[in-house]
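The values are calculated or read from the model by the stated rules, or taken from the named source; none is laboratory data. What you are looking at is a predicted structure, and each value in this text was computed from that prediction instead of being measured. Reconstructed Cβ throughout: ideal geometry from the backbone, glycine too, with neighbour counts over all protein chains shown. Calculation scope for accessible area: heavy atoms of the full protein, side chains included, ligands and nucleic acids excluded. Shrake-Rupley method; radii C 1.70, N 1.55, O 1.52, S 1.80 Å.
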Amino acid sequence: MEPVNVTQISEFLLLGFLEKPEMQSLIFGFFLSMYLVTVFGNLLIILAVSSDSHLHTPMYFFLSNLSLVDICFTSTTIPKMLVNIQTQSKVITYEGCITQMYFFILFAGLDNFMLTVMAYDRFVAICHPLHYMVIMNPQLCGLLVLVSWIMSVLNSLLESLMVLRLSFCSEFEIPHFFCEFNQVLQLACSDTFLNNMKMYFTAALLGGGSLAGILYSYSKILSSICGIPSAKGKYKAFSTCASHLSVVSLFYGTLLGVYFSSAASWSSHSSATASVMYTVVTPMLNPFIYSLRNKDIKRALERFLGR
C-alpha cells in the first residue's frame, strides 16, 4: 500500500465490538454499567479516605491515588467507545487517536507505579513496623507519587512523539475498541523498529522492574510473616496486604495474559475482548476488593454514606 504522510491522515476506524450491529445495545449497556460502577466505586473510596481522619495514613493515601488513576484509566477508552456505539460511528480522528494513546499509556504506567509503591509501603509496614511512620513520612509519600507521575508523563510523551514520525498506509482500520499502541504500530508503512525497541525496553524496564520490586517486597513480607510465632499474628499481618496482593495478581495477570496471547497469534477480536479485563474489569473490581476485605474502609464508607 502507498504510504500516507501524517498530515494527510484525518481519522482511524475503531472496529473492536462494533462489527455486529445486533449486539450494539447489549454491548452498550454492559460497558456503560461497568464504567459507572468503576467511577462511582473508586470515587467512594476517595471520598471515604479524604473524609475520615483515621484513614489519613500512607496506605490509604496511596489507595486513594490508585482509585483516582483507575477512574482516569478507564475514562480514556470507554466513553469514546460508548459514544461510537450510540452514534453508530467507528471514527476517531488522528489527533484523537494520538491523544487517547498518550493518556492510556500515561495512566497504565501510573497504575503500574502505584501498585509498586503500595507494595513498598506494605513491605515497610510489616518488615519494619517500629520505623514505619518515620520512613513513610508525608514528604516521602508525596515524593513517591510525584516521581510516579513524572516518569509516566515522560514515558507516555516519548511513546506518542515517536508515533508522530510514522507514515501510515491508506488503510486505517484498527481492530480494537481503542487506539491500542501495538495495533497502531501494525498499521504503519514506515519502519517501526525504533518504536518496537522502545516499547520492549519500556516494558522490560518499567513493567518488569516494577513487577520485580513487588515480588521482592512480598518475598520479604512472606519471610517476616513466617517468623511471627502466633497464628493470629500471622493472619493479622497477612490481612493488611491481602487486598493489594489480589489487585496486583488481577492487574498483572490479565495484562500479561493479553500480550502473551497476542504474541501467540490470537485473533485481533480475541485480543480486544481480553483487553477489557485490565482496562475495565480490574479498575471496576478494585473498590470491591479493598472495601470487602478492609474493615477500616467499610466503617469509613458507612459513616460517609450515613451522613
* List every residue whose amide H lies under 5 Å from the amide H of residue 173, counting only residues 5 or more places away in sequence or on a different chain, with H placed 1.01 Å from N in the peptide plane. => 13
* Enumerate the helices in the chain for which the Kyte-Doolittle hydropathy averages 0.5 or more and the C-alpha atoms extend at least 24 Å along the helix's axis, using complete DSSP H runs. => 24-51, 58-75, 94-127, 138-164, 209-226, 231-263
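Considering only protein heavy atoms, with the full assembly of protein chains and a 1.4 angstrom probe, order 144, 36 by accessible area, largest first. Mind showing how you got there, number by number?
Details: 144 45, 36 75 Å².
Ranked list, largest accessible area first: 36, 144.
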* **Positive-end extreme of charge dipole, the chain - chosen from 69, 192, 224 (charges on Cβ)** => 224
* Structure fact -> Under 23 Å between C-alpha atoms, the lysine pairs in the chain lying 8 or more places apart or on different chains count 12
* Over the chain, equivalent-ellipsoid semi-axes from the Cα gyration tensor in Å -> 38, 22, 17
* To do: Could you rank 135, 105, 174 by how accessible they are, 1.4 Å probe, largest area first?
  => 135, 105, 174
* Estimated inter-spin distance, residue 228 and residue 28, nm [label 7 Å along Cα→Cβ] -> 5.1
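When the helix-only estimate is applied to the chain (DSSP H runs of n ≥ 4, each -39,500 (n - 2.57), divided by the residue count), what is the mean residue ellipticity at 222 nm, nearest 500 deg cm²/dmol? Kindly include the intermediate steps, with their values, before the conclusion.
Numbers: 13 runs with 219 residues, N = 307.
Here the helix-only value at 222 nm equals -24000 deg cm²/dmol.
Tally Lys/Arg at +1 and Asp/Glu at -1 over every other residue whose Cβ is under 14 Å from the Cβ of residue 228; what's the total?
Residues close to residue 228 contribute a combined charge of +4.
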* If we count every other residue with Cβ under 15 angstrom of residue 42's Cβ, Lys/Arg +1 and Asp/Glu -1, where does the sum land? -> -2
* Length-normalised contact order of the chain in % [C-alpha pairs under 8 Å, at least 6 apart] -> 30
* Asked: Where the Cα atoms of segment 43-138 are projected onto their three principal axes, how long is each span, largest first, in whole Å?
  -> 58, 25, 17
* To do: Please list 56, 128, 244 in order of solvent-accessible area, largest first, computed with a 1.4 Å probe with all protein chains present.
  => 56, 128, 244
* Asked: Taking a label point 7 Å from the Cα of residue 83 along the Cα→Cβ vector, which residues of segment 33-76 have an amide N closer than 14 Å to it?
  -> 75-76
* Structure fact -> Residue separation between residue 194 and residue 36 times 0.36 nm, minus their alpha-carbon distance, gives in nm 53.0 nm
* Asked: If each Cα of segment 156-224 is one equal point scatterer, what is log10 of I(q)/I(0) from the Debye formula at q = 0.26 Å⁻¹?
  -> -1.16
* Quick one: among 193, 28, 178, which has the greatest mean-square fluctuation in a GNM of the chain with alpha-carbon springs under 10 angstrom? => 193
* To do: Kindly report the accessible area of the chain per residue (heavy atoms of protein chains, probe 1.4 Å, no ligands, DNA or RNA), in Å².
  => 49
